Amino acid sequence: MNDPAPPEDWRLRADIDLAALRGNVRALRRRLAPGAALMAVVKADAYGHGLLPCARAAREAGAAWIGTATPEEALALRAAGDTGRVLCWLWVPGGPWRRAVEAGVDISVSGRWALTEAVAAARAAGRPARIHLKVDTGLGRNGCPPADWPDLVAAARAAEASGAVRVTGLWSHFACADEPGHPSIAAQQRAFADALAVAARAGLDPEVRHFANSPATLTLPEAHYDLVRTGVAVYGLSPSPEVGTPEDFGLRPVMTLRARLAAVKRVPGGHGVSYGHRYVTPGETTLALVPAGYADGVPRHASGGGPVLVAGKLRMIAGRVAMDQFVVDLGGDSACVGDEAVLFGPGDRGEPTAEDWARAAGTIGYEIVTRIGPRVTRHYLGETPPAAEAAGPKGGQAR
Ligand SMILES: *Cc1c(COP(=O)(O)O)cnc(C)c1O
């Protein structure tokens, strides 16, 4: 066998290109309808890319708002010194309502129970809660049903008059914006216009009305209102192949996932590979072992079909993905232990993309990047020079 590649101190890493992220935010902002601002959605550890560095880079590129699902994510931003506008929308009774009010985080309210929590938190904190009332225009997930909307709006207006809350936002979320032309899109837009009219008649005058996620930002300028909530596009992925490719919109994938081969060996024909022997070598060949498995977010559903760049060629996983590793058949080619395997990246250096993995695993690019696990060290590239920052992670440092 060939000699090992020179030693390096990493096994499996995700390079996070913050310059690409900033470029994506700028490209998205250029597409916005006049007067609309951008919220960068950083829920779920910034879709697996790392909450704090990504939020900071998005701010640098002009994100006026940051969006999180949970209040804990929003409070983590505050603890790291982010003082800008932050909205979080996934609440349960007994959540950290008071801490969110004290931290000046905007809070989503979808029903009377949540308004009651927000009012109580505001009283305890001694300052008004900033709330965004959410209407369910058809997604069927969170949001106030239209039938209950006039009641919620009236109660919120009364709470505003009492000084307990300020209704800073009115909003909703699309179900099928990633399927351009889907009839639910127009129906949801009509329902949102109706809900805004009800709120205006009740005397609400919010700072921002917002509706658009990434696909609506890319395809429906009439849905931009005052603010768009872009998540996946900030990370350089297209919401769906139907909407377009990242290049179509001037977006560049931010994450590159790489591993170093942990074994390379010759085996005879007829050799079973990985659990269940779902792959058997067709002849004498060279197998390479990639130290990344489903614990790291490599989907087991991509067994036998996931693409990976090894020894200069695109190859497919041989047999099953295991918890920590999978095998690639190099055929007649050779490689050295320690050589690099690229699972996905922007796609312009011969490597697969997260979208290729999504297709191989029967899922969406969102899930591929978001599930990259905690054993994968993130390396941040293109961070703003430390001269501009007193403290914080430095370029190229692992998290
Ligand atoms: C996740 C999420 C977004 C961002 O969606 P993308 O398709 O990633 O842009 C926007 N709004 C809400 C309510 C979300 O949950």
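Just so it is clear, none of the values below were taken in a lab; they were calculated from the coordinates. Bear in mind the structure is a predicted one, so any value in this text is a computation, not a measurement. Don't worry about glycine lacking a Cβ; one is built from the backbone with ideal geometry, like all the others, and counts go over all protein chains shown.
For the peptides 304-310, 352-358, the ranking by packing is 352-358, 304-310, with the highest mean count of neighbouring Cβ atoms within 10 Å listed first. For the chain, DSSP calls about 45 percent of its internal beta bridges antiparallel. Neighbour counts of C-beta atoms inside 10 Å place H271, H132 in the sequence H271, H132, starting with the fewest.
Residue by residue, the stretch 287-293 carries 3J(HN,Hα) couplings of 9, 10, 9, 9, x, 8, x Hz when phi is fed to the Karplus relation 6.51 cos²θ - 1.76 cosθ + 1.60 (θ = phi - 60°); x denotes Gly or Pro. Once you sort the root eigenvalues of the Cα gyration tensor of the stretch 31-234 as a ≥ b ≥ c, which label holds: rounded (a/c under 1.5), prolate (a/b larger than b/c) or oblate (the other case)? It is oblate, given that a/c is not under 1.5 and a/b is not larger than b/c. For K43, a cut-off of 13 angstrom between C-alpha atoms picks up these aspartates and glutamates, skipping any fewer than 8 places away in its own chain: E72, E73, E367. Remark: relative contact order (the chain) = 18 percent; criterion is Cα-Cα distance under 8 angstrom and separation of 6 or more residues.
When each of the peptides 289-298, 209-218, 135-144 is scored by the mean number of other C-beta atoms lying within 10 Å of its residues, the order from highest to lowest reads 209-218, 289-298, 135-144. For K313, a cut-off of 16 angstrom between C-alpha atoms picks up these aspartates and glutamates, skipping any fewer than 8 places away in its own chain: D329, D333, D339, E340, D348, E351, D356. When R166, R112, R260 are sorted by how many other C-beta atoms sit within 10 angstrom of their C-beta, beginning with the fewest, the order is R112, R166, R260.
Relative contact order of the stretch 255-381: 28 percent, from C-alpha pairs under 8 Å at least 6 residues apart in sequence. Once the Cα atoms are used to define both axes, helix 51-60 deviates from the longest principal axis of the chain by about 70 degrees.
The listed peptides 41-47, 227-233, 91-97, ordered by packing as a protection proxy, come out as 227-233, 41-47, 91-97 (highest mean of other Cβ atoms within 10 Å first). Distant-in-sequence amide contacts of C144, defined by a placed amide H-H separation under 5 Å and a gap of 5 or more residues or a different chain, comprise K134, V135, D136.
Taking amide H positions as modeled 1.01 Å from N, with prolines and chain starts lacking one, the residues under 5 Å from F326 and 5 or more places away or on another chain are V290, A292.
Considering only T70, V135, A158, and ranking their Cα positions along the charge dipole of the chain that arises from unit charges at the beta-carbon of Lys, Arg, Asp and Glu, the one farthest toward the positive end is A158. Considering only F192, V208, T219, and ranking their Cα positions along the charge dipole of the stretch 122-240 that arises from unit charges at the beta-carbon of Lys, Arg, Asp and Glu, the one farthest toward the positive end is V208.
For E179, E247, the sequence from fewest to most other C-beta atoms within 10 Å is E247, E179.
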